[in-house]
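Here is the structure we will look at, set down as structure tokens.
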Amino acid sequence: MRIRRSLVIGGAVGLVVAAAIAVSTASGAAIAATAVGAVIGLGRLTRGAITITLALALAGCMQTATRPTLEHVRARPLGVTGRVEGEHPRGLPLSLTRVASSGSDVVFRYDESVEHDHSELPPLLVVLVTSPLHLLGMPTGRDAVTASAELTVLRGAREIGHYAGDARVSQVYGLYYGSTLRKLEDRARAEVRRVIDEALYKNADNLAVAIDEPQP
């Protein structure tokens, strides 16, 4: 009886965990897990464990969103060269690593920045977190990093291309799961660089034509 009661409580905790993940990540999958937990119910021994397992599995996943949305454009040579300038202490999009030329009058000005966001669960759930229930996997908060990038292509004083995008990576964390801010930042930077890469690949022909045009 004592075991049955413990696992029934565990099922309830699983529902709370899944609901917290759904609220924190706005993940359709997490919301689905909450619904599954509700349908399964709390009456049988194994059902509570299944709900907890689903919730914890979802909690370990990073949520990633980019703007504009990545289209998985195939990488291609840009057919142009130029000097790369700007604020990018942690690296460059792959496409820009292949255009560097100190003797060109074309400038690729690339700037990249990040913002960190840390949030806690709502007060009602925080009360539960402070109890031993967090040992069962109750999430304690969410970390997120947004990376923003901007690329301006100049020939002399004339702007011939401008591209911008951002990527947001977030993850719920708890006693048994979560990532460091550095890992989230590395992922966000990698994703926003892919956004810039795709923009350049899609516009490579137009950019080459603009660069070859006679200077006024």
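Since every read-out is calculated from the coordinates, none of them should be taken as a lab result. Every value quoted in this text rests on a predicted model; they were computed, and no experiment measured them. Reconstructed Cβ throughout: ideal geometry from the backbone, glycine too, with neighbour counts over all protein chains shown.
Order of 71, 191, 85, 198 from fewest to most other C-beta atoms within 10 Å? Could you put the intermediate results ahead of the total?
Working: 71 10, 191 20, 85 13, 198 23.
Taking fewest neighbouring Cβ atoms as first place, the list is 71, 85, 191, 198.
Summing +1 for each Lys or Arg and -1 for each Asp or Glu, what net charge is found among the other residues whose Cβ lies under 13 Å from the Cβ of residue 95?
Result for the neighbourhood of residue 95: +4.
Calculated FRET efficiency, residue 101 and residue 177, Cβ-Cβ r, R0 41 Å, to nearest 0.05?
Values: r = 46 Å, r/R0 = 1.11.
Using R0 = 41 Å, I get an efficiency of 0.35.
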Fewest-first sequence of 102, 179, 113 by Cβ atoms within 10 Å of each Cβ: 102, 113, 179
Relative contact order (%) - criterion: Cα under 8 Å, at least six apart; region: the stretch 63-212: 30 percent
Karplus 3J(HN,Hα) series, Hz, for the stretch 141-155 with 6.51 cos²θ - 1.76 cosθ + 1.60 (x for Gly, Pro): x, 9, 10, 8, 10, 10, 9, 10, 9, 9, 10, 10, 9, 10, 10
Sequence of 163, 176, 201 once ranked by neighbouring C-beta atoms within 10 Å, starting from the fewest: 176, 201, 163
